[in-house]
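> Right, I'll just put the structure down here and ask away after.
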Amino acid sequence: MASSDVAVSLENVHKTYRLAEPVYALDGVSLEVPRGSYTAIMGPSGSGKSTLMNLVGCLDTPTEGVVVVDGRDVTALDGSERTALRGEQVGFVFQTFNLMPRLSALENVALPQLFLGVGRAERRERARELLERVGLGDRTDHLPNELSGGQRQRVALARALVNDPALVLADEPSGNLDTETEADVLDLFAEFHDAGTTMVVVTHERHVAERAERIVHLLDGRIERIEELEGVGEPARPDPASGSRPGSAVEPKGADSDDKTRAEDEHE
Amino acid sequence: MRPLEHARLAWRSIRGHKLRSALTTLGVIIGIAAVIAFVTLGASLQAGIVGDISPDDQRNLYGWAAEPETEGGPLAGAQPVVSQDDLEEIEEFDEVSAAYGYATVPTQAVSDGDEQVALGDGLVATGPSYVREGELAEGRSFEAGEREAVLNPAAAEQFEENVTVGDELVVTTVGGGQTTVDVVGITATSEGLSPFEGFEASPRIYVPTDPYYAEGAAGIGFGDGLGGDPGSGSEAEPTDDLRYLAVVVEAQSAEEADVDAARDRAVEYLESEEADASEFVGGGEDLEVTFQTSTELLQQLQDILELLQNFIVGIAAISLLVGSIGIANIMLVSVTERTREIGIMKAVGAQNREVLGLFLAEAVILGVVGAVLGTALGLLAGYLGALYVDLPLVYPLEYVALAILVGILVGVLSGLYPAWRAARTDPIDALRYE
């Protein structure tokens, strides 16, 4: 798979926390997230989900191994470059929404562009457009505490999308939502995925994970298996980005070996 | 990210905690206001004093005798030692153009015809040249030995129909005696003509020491009453034993050399055997004669003022320091409280320097707002103070600029550490922060 087709790739990634005794949060993880794909990451507490998310989100660097986001090796970047890459190529959606409490919905959505140095008028225009797309065109001037949980998560999604990132990284996006709102927000995820956005959702809830095209199961810092799904709750995609067969539990990357060879060919 | 955007976001968070921000700023406001108010008052006070010294006063030496090393302004600890004879002797010297005594005669009232006004210590007995030509708005100065007077405008305006040159006034002493004076001149200003009088404006009537001081000091009241033959009532008074607390010696010119020469000559004479004053001053005697120009006297006063001002400004500066500690403290609280927001900003692409800039901007805004409000308040307080004490208002504008600068500095200094802490916050921890 050509690097331009890959949003994120991890190669033999280790993350060790040096506490009283070393904690191997990630212990040799390799994974590719193709552009336009919808990946769910599942696993029990302590399986390394958060660490993986921090690495993919350019918030952290691995102890060993390579993390490539949007074609750039994260391990080779300094803090400031990583921040810039994160701002431009990663959109975050959090369980607790994490909106700036004193900024309006519009300003929250425009915030990432503020740090990119985009002009005020242009920022607001873009933010308004996205808020309309998430169905909050009439709530632009509301503060987060004037919005419902579902509405807040829509604002967060709009914010995640504002810079047209390589991927949207959602951490338990529906953890604080009731069932009905959860469905709305997940529908919205599917909608943006259909429009071409790469989605990575970290969750411990099966039904949330099942909205994705594949589920990466983590256990004790390793990928236990990757489960390919028929696009549940969304139309089947004519050309799934992942080349492997749906439903099959496979070794990470192993099933992609054909693709990988091809990718290497294309590199040369 | 542009500075304006920083300011906009920072202003948001300041407005988000109105009361807290207001209280924080209050520390700076009080500090700056205190400094500005006292500096304004000090500058106005100095202008009020310095502004009152006319150049032709510069050759006047104001003298008195007191215990050595008596601290204080003009006439501090002064004792009556210089006799009329001494003054006449001094006036004979080449270096001296005039020498005369200065005394206020205690009075009760002054009347112009039927109208009587109260007058406490406004009758100033002195030499004719004490009222300098430049000070006269009307008429001429009085002559020694004559029953003549020069009024200042404040005294003239006390009467319903302003007193003018040519009028005759009746002065009543504390003892109840009465005497007449012919008004021969009106001065231009109501402020004191010398450091002896002080600088404030008040009603004063200037008369010759002879006969008025002689009569007043004799304690018998003036002359022989209303309409008495001028001079006749005081003929028998023992003027030779009359001593002055305060004397004025005029040098030939305002040149420093001339002034010094006149001073030296006068002191030398007063300490010599020939002088009546020598029983009290010079040699082994207790008292010491001091002659100073008004500039020198003023310098002392200015030194005291400056000392006082520095002292108060120092205290005010401490309150400013406390104010900036307040800002630093509140910024630290703010950083901790907004850890999560910092995490969000960093997650969506805020660089460390931008986070630093945001918190620094907040501290600087607090400092500058405090400085601007403090300056306004200080100027107002200074204005009211100057108005109350009746001083010419002088705004020390360089201090206003300085205050704003100090405000920025206070903001930067007190905001730097908290902002640095904010910038260093790890986004992973911050996002997890509850």
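The values are calculated or read from the model by the stated rules, or taken from the named source; none is laboratory data. Note that this is a predicted model, so its numbers are computed, not measured. Quick reminder, even Gly has a Cβ in these numbers, built from the backbone with ideal geometry, and neighbours come from all protein chains shown. These accessible areas exclude ligands, DNA and RNA; they are computed on the full protein's heavy atoms, side chains included. Shrake-Rupley method; radii C 1.70, N 1.55, O 1.52, S 1.80 Å.
> In nm, give the distance between the simple-model label positions of B:His17 and B:Asn352, each being 7 Å from the Cα along the Cα-to-Cβ direction.
2.4 nm
> Here is a follow-up. Across 10 Å bins from the origin, how do the percents of Cα pairs in the stretch A:3-267 run, short distances first?
7, 30, 36, 21, 5, 0
> Let me ask another. Any idea how far the Cα center of the stretch A:94-131 sits from the one of the stretch B:395-418, in Å?
Here the answer is 33 Å between Cα centres.
> Which ³J(HN,Hα) values in Hz, rounded to whole numbers, follow from the phi angles of the stretch B:95-100 under the Karplus curve 6.51 cos²θ - 1.76 cosθ + 1.60, where θ = phi - 60° and Gly and Pro get x?
For the stretch B:95-100, the Karplus-derived couplings read 6, 10, 8, 7, 9, 8 Hz, x marking Gly and Pro.
> Under the √(5λ) rule applied to the eigenvalues of the Cα gyration tensor, what semi-axes describe the equivalent ellipsoid of the protein assembly as shown? Give them in Å, descending. Kindly include the intermediate steps, with their values, before the conclusion.
On the way: eigenvalues 1881, 122, 60 Å².
Largest first, the protein assembly as shown gives 97, 25, 17 Å.
> I've got another one for you. Multiplying the sequence separation of B:Glu161 and B:Val389 by 0.36 nm and subtracting their Cα-Cα distance, what value in nm do you get?
Gain on stretching B:Glu161 to B:Val389: 79.3 nm.
> OK, next. List the residues of the stretch A:125-167 for which accessible area in the full set of protein chains is at least 20 Å² lower than for the chain on its own; 1.4 Å probe, protein heavy atoms only.
Residues of the stretch A:125-167 that lose at least 20 Å² of accessible area once the other chains are added: A:Arg159.
> Also: Can you pull out the buried accessible area for chains B and A, both sides counted, probe 1.4 Å, rounded to the nearest 100 Å²?
The contact between A and B buries close to 2300 Å².
> Counting pairs of Cα atoms in the stretch B:253-392, how many percent are more than 17 Å apart?
78 percent
> State, to one decimal in nm, how far the label point of B:Val333 lies from the label point of A:Ala183, with both points 7 Å from Cα in the Cβ direction.
4.7 nm
> Given a Förster radius of 45 Å and the C-beta distance between B:Gln300 and B:Ile408 as r, what FRET efficiency does 1/(1 + (r/R0)^6) yield to the nearest 0.05?
Working: r = 38 Å, r/R0 = 0.84.
FRET efficiency, B:Gln300 to B:Ile408: 0.75.
> How large is the accessible surface per residue of the stretch A:3-267, computed with a 1.4 Å probe and reported in Å² as a whole number? Spell out each step's value before the answer.
Working: 11180 Å² over 265 residues.
With all protein chains present, the stretch A:3-267 gives 42 Å² per residue.
> Here is a further query. What does the accessible area per residue of chain B come to in Å², with a 1.4 Å probe and no ligands, DNA or RNA counted? Don't skip to the answer; put the middle values down first.
On the way: 19920 Å² over 434 residues.
Dividing the accessible area of chain B by its residue count gives 46 Å².
> Share of chain B's accessible area from carbon and sulfur, percent, 1.4 Å?
Carbon with sulfur: 56 percent of the solvent-accessible area.
> Starting from the 7 Å offset along Cα-to-Cβ, what nm value, one decimal, do you get for the label separation of A:Arg18 and B:Ala7?
Inter-label distance under the simple model: 4.6 nm.
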